[in-house]
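Enquirer: Dropping the structure in here first, questions after.
The values are calculated or read from the model by the stated rules, or taken from the named source; none is laboratory data. Bear in mind that the values here come from a model prediction, so they are computed numbers and not experimental data. Note: ideal-geometry Cβ built from the backbone for every residue, glycine included; neighbour counts use all protein chains shown. The area values use the complete protein model at the heavy-atom level, side chains included, leaving out ligands, DNA and RNA. Shrake-Rupley method; radii C 1.70, N 1.55, O 1.52, S 1.80 Å.
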Amino acid sequence: MRYRPVLAAAVPVLFALAAPAAAAPTCTTVPQPVCGGRVVAEPEQSVTFHQFDGPLESAGGSLEAIEALAPDFLEVMTLAEATGDPKHTSFGGRPIWVVRVTDEKAPRAGKAQVAASLSVHGLESAGREGGFRYLEDLARWSVDEPDRLLYAGDTGIPFAEVMRRTETWIGFTNSDGWAAGDVDTDASNGPGFQRGNDNGGKDLNRDFATVGWFDRTGGRGIAESEPEIDGWTDLVESFPNLKTSTDIHGELTTPNNAFSDLIIPAGQWTPKRQDQVNQLSLNMIRTVERKFEEEGVVLDDVFGPLPEDGATPRRAANVAASYDIVGYDDSGFMGDWFSQTQDSVHMDVENFLSNLAPNNAYVPLVEQAHVAAVRGNLEATIVEALLTDRVQPRADYGRIAYVADPLRTSSDPAVKDGDPGTGADVVEGELQTPYDVSRLDYYPVLKQAFGGTIDPVTAGAVAAGKNLRGYDTLVVTDMEVPYGGPAVDKAKYVAALDAFAKAGGQLVLTDRALGLLDDLKVVAADALTVNRTDAGHVDFVAPLGDHPYEKGLVGAPSQTYYEVMLGYPSRVQAPNYGVERTAWEAAGGTTVATVGEQGGDSPNTALGHLTRGKGRLTVFGAILPQAVESLPDVETPHPHGLASYAVTITGGQVLDNVFAYRGAARTGAAPVAGPGAPRPTGDRLPTTGLLDLVAIGGFALLGATAVVRRRARR
């Protein structure tokens, strides 16, 4: 899990019916009927988690026994063997196990590669437990059921075909943290699984070379400084045709009512890539549901009388961005690295109650749910590799113009962008990745994807009275007037923007462009707001889906841009621009989503619209901010470069809906949404913020554990 801050220094875990620690039944040398006919018994027949190198079983021994079932389909090796570099062990010197799954008789050329990391946080056992069992499933199907359908969503492809066309690499990426929980021959329990490795507990999921701000606090080193990640990245970078990937974690709580919380990684994506990631998420949700159905996992039975209000989940799976699930972003995430540097359609996974609790206390019914979920996570990722290239993005845009700004943010010292060079130094061992970025790069990407009319116009031409009647929408992006280029007569410029809307067009103001609202005489200057939070986001007004701007949103949407990729640190720095909701609605505006201070209420309109003459004014205060090279009083190193834009799937879908506007005066059609009547001011969707501490008690199966519940910021 991307660790969520909790309100207690430690989370005590007492599982009343947890089995005493001993070796789980594995049958590498004894008859398989003892293990229910398997090498690794199903969770309900097991008495503890699989050991890394315990007195009665080992990871290598079990994997090699599974390999022996289907040597033409599975190849077990260490990471050092896979890369040819003997340094690629754990920091503690342990082997890192890797399994290659494919039809060895089929030529490698043209195969789609798939990568899966299991339990990179050692105390999050769900990935390992499910990985062992799913690898054994694949081995047995190769012999017994070659025509069995493997699924991504509701698309099934026969096992034999999947194996011929894919090559999957599954890595058990944290041996040290895993081994820390091994059964001790002299005690009933090991000390407990550990999050990090043996290098002082270094977090391996902060060690990847990700774009944007890179956190060097808390003793973090440069990227790929740990041998586990140096080896894993070397291996993945050797794949000639990587298509899909997943990084399977565990969480302590769920804000999304989901046992398997799917997290969309951060990326600077094309519309096609956004749709590919979205399809993977929806197909993975359905595949996890399918595995629950096949294995008879019913969450009401698992969690019994515990409350269904966020403390325990009742959905098999759901999806959202990082901030919406774990409450923050960060640098160095594996999933972001896959997405940003490896051109992979990726999905992170957080499986419920596989973290500080239960650690190495074993609850068979919960582990059966973990295993079913991971089987679904892995199967969907593998099959999706054969489906993802078919995705074709679609959008129904009107004719769009956007105000140009020649100023770009560049690592070139000759570019006068406000900071000499990069604005931040690299440290020994780092090389600065060059960059030259602008938020406005997003619009040519949209034009390339969808065609149609998406044109830049200069502010000077707008102020001079350029005929804009050929456009439905005019966008001013994160500026009042351009930061570069010749000076503009602001009064004439504002008057022309206003005239465009009043004549039937849609004027869209994003981010800092909301500062024009007082110039347009919509609200007073003191009603304008900026809230800095842990991510670029909005809080949608409930009920979700009752406004055209919300069409197509899935999961638990809130995060609209990834601030880290743009150089913003992940703690209370992401700017979210808005206007006091009372002032906005007093001016006749409709509020679609709001924003507020980190951990506080959400009183300001960040997404909304109002009627302006024959047309419309739309505001979206958290979507396309310009990348930054430095900030006052905060270090902003970005050795791996900066992104031009970092729009989330939620943010991109909202923009697609906004850009569907057709001006009534231009086509005779009604605007995309109804008149600007205020929406109800009551309940809003629960999205971001810390969790309140709640006690889970009175449950004979799970005993007592302290967990944290997300606080609805309303």
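Enquirer: Which percent of the accessible area of the chain is formed by carbon and sulfur heavy atoms (probe 1.4 angstrom)? Could you put the intermediate results ahead of the total?
Expert: Working: 12550 of 24000 Å².
Carbon plus sulfur share of accessible area: 52 percent.
Enquirer: Lysines near K87 by alpha-carbon distance under 30 Å, same-chain residues fewer than 8 away left out - which ones?
Expert: K111, K202, K243
Enquirer: In whole angstrom, how long is each semi-axis of the equivalent ellipsoid of the stretch 135-281, when you take the square root of 5 times every eigenvalue of its Cα gyration tensor and sort them from largest down? Don't skip to the end; give the middle numbers.
Expert: Working: eigenvalues 183, 118, 59 Å².
Equivalent ellipsoid semi-axes, largest first: 30, 24, 17 Å.
Enquirer: I'd like the Karplus ³J(HN,Hα) series for the stretch 270-282: coefficients 6.51, -1.76, 1.60, θ = phi - 60°, whole numbers in Hz, and an x wherever there's a Gly or Pro.
Expert: The phi angles translate into 7, x, 5, 5, 4, 5, 5, 5, 4, 5, 4, 4, 5 Hz.
Enquirer: Next up: Select from G93, S175, V114 the residue farthest towards the positive end of the dipole of the stretch 70-187; place +1 on Cβ of Lys and Arg, -1 on Cβ of Asp and Glu, and compute about the Cα centre.
Expert: V114
Enquirer: For D389 and Q32, FRET efficiency with R0 = 41 Å and r from the beta-carbon atoms, rounded to 0.05?
Expert: Working: r = 40 Å, r/R0 = 0.97.
Using R0 = 41 Å, I get an efficiency of 0.55.
Enquirer: Something else: Roughly how many nanometres apart are two label points built 7 Å out from the Cα toward the Cβ at D234 and T155?
Expert: That separation, rounded to one decimal, is 3.5 nm.
Enquirer: Say the dipole of the chain comes from +1 at the beta carbon of Lys and Arg and -1 at that of Asp and Glu; which of P557, T341, G484 then lies farthest toward its positive end?
Expert: G484
Enquirer: Between D147 and A106, what FRET efficiency comes out of the Förster formula 1/(1 + (r/R0)^6) with R0 = 22 Å and r the beta carbon distance, rounded to 0.05?
Expert: Numbers: r = 16 Å, r/R0 = 0.75.
Efficiency, from the Cβ-Cβ distance: 0.85.
Enquirer: Run down the lysines and flag those whose C-alpha is under 17 Å from the C-alpha of K447, throwing out any fewer than 8 positions away in its chain.
Expert: Counting by Cα, and skipping residues close in sequence, K447 has these lysines nearby: K272.
Enquirer: Separate question: Determine the dipole magnitude for the chain: charges of +1 sit on the beta-carbon of Lys and Arg, -1 on that of Asp and Glu, nothing else is charged, the reference point is the Cα centre, and the result goes in debye to the nearest 20.
Expert: On the way: 59 positive and 94 negative charges, 630 e Å.
The dipole magnitude comes to about 3020 debye.
Enquirer: Residue by residue, what Karplus-based ³J(HN,Hα) values in Hz, rounded to whole numbers, does the stretch 550-559 have, using 6.51, -1.76 and 1.60 with θ = phi - 60° and x for Gly and Pro?
Expert: With coefficients 6.51, -1.76 and 1.60, one gets 9, 4, x, 6, 10, x, 10, x, 7, 5 Hz.
Enquirer: So for the stretch 527-640, what are the equivalent ellipsoid semi-axes in whole Å, largest first, each being the square root of 5 times an eigenvalue of the Cα gyration tensor? Don't skip to the answer; put the middle values down first.
Expert: Details: eigenvalues 144, 48, 35 Å².
Semi-axes (√(5λ), whole Å): 27, 15, 13.
Enquirer: Fully extended, how many nm does the chain gain between V47 and T433 (0.36 nm per residue separation, minus their Cα-Cα distance)? Display every interim value, and only then the final one.
Expert: On the way: separation 386, 0.36 × 386 = 138.96 nm, distance 4.95 nm.
Extra length available between V47 and T433 comes to 134.0 nm.
Enquirer: Right, here's the next one. Arranged from highest to lowest average of other beta-carbon atoms within 10 Å per residue, in what order do the peptides 324-337, 599-612 appear?
Expert: Values: 324-337: 25.9, 599-612: 23.0.
The peptides rank, most packed first, as 324-337, 599-612.
Enquirer: Charges only on Cβ, +1 for Lys and Arg, -1 for Asp and Glu: so what's the dipole of the stretch 103-243 about the Cα centre, in debye to the nearest 20? It would help to have the intermediate numbers written out before the result.
Expert: Values: 15 positive and 26 negative charges, 103 e Å.
Using only the charged Cβ atoms, the result is roughly 500 debye.
Enquirer: Mind grabbing the base-10 log of I(q)/I(0) for the stretch 165-235 at q = 0.12 Å⁻¹? Debye formula, identical points on the C-alpha positions, no solvent, two decimal places.
Expert: -0.43
Enquirer: Compute the distance in nm between two label points, each set 7 Å from the Cα along the Cα-to-Cβ direction, one at T217 and one at E308.
Expert: That separation, rounded to one decimal, is 4.0 nm.
Enquirer: Candidates (1) 30.2; (2) 31.7; (3) 36.6; which is the computed mean projected area of the Cα convex hull in nm²?
Expert: Working out mean projected area of the Cα convex hull in nm² from the coordinates points to (1).
Enquirer: With a probe of 1.4 Å, find how much accessible area the chain has per residue, and write the answer as a whole number in Å².
Expert: Numbers: 24000 Å² over 714 residues.
For the chain, the per-residue accessible area is 34 Å².
Enquirer: I would also like to ask the following. Would you please state which residues of the stretch 385-410 a label at D441 would reach in this model, taking the label point 7 Å out along Cα→Cβ and a backbone N cut-off of under 20 Å?
Expert: 402-410
Enquirer: Which whole-Hz couplings ³J(HN,Hα) result when phi for each residue of the stretch 329-340 is put into the Karplus expression 6.51 cos²θ - 1.76 cosθ + 1.60, θ = phi - 60°, listed in order with x for Gly and Pro?
Expert: Residue by residue, the stretch 329-340 yields 10, 6, 9, x, 6, 4, x, 5, 4, 4, 5, 7 Hz.
Enquirer: Right, here's the next one. Sort the following peptides by mean Cβ neighbour count (other Cβ atoms within 10 Å, averaged over residues), highest first: 627-635, 425-433.
Expert: Result, highest mean first: 627-635, 425-433.
Enquirer: Which far-off residues, 5 or more places away or on another chain, put their amide H under 5 Å from the one on A574, with H placed in the peptide plane?
Expert: It is T533, A535, by chain and number.
Enquirer: Further, regarding this structure: Work out the FRET efficiency for A503 and N241 from their Cβ-Cβ distance, taking R0 = 56 Å, and round it to the nearest 0.05.
Expert: On the way: r = 51 Å, r/R0 = 0.92.
So the FRET efficiency works out to roughly 0.65.
Enquirer: Mind checking the dipole of the stretch 99-138: about its Cα centre, +1 per Lys or Arg Cβ, -1 per Asp or Glu Cβ, Debye to the nearest 20?
Expert: On the way: 6 positive and 6 negative charges, 47 e Å.
The calculation lands at about 220 debye.
Enquirer: Putting +1 on Lys and Arg Cβ atoms and -1 on Asp and Glu Cβ atoms, find which of N351, Y577, L149 reaches farthest to the positive end of the dipole of the chain.
Expert: Y577
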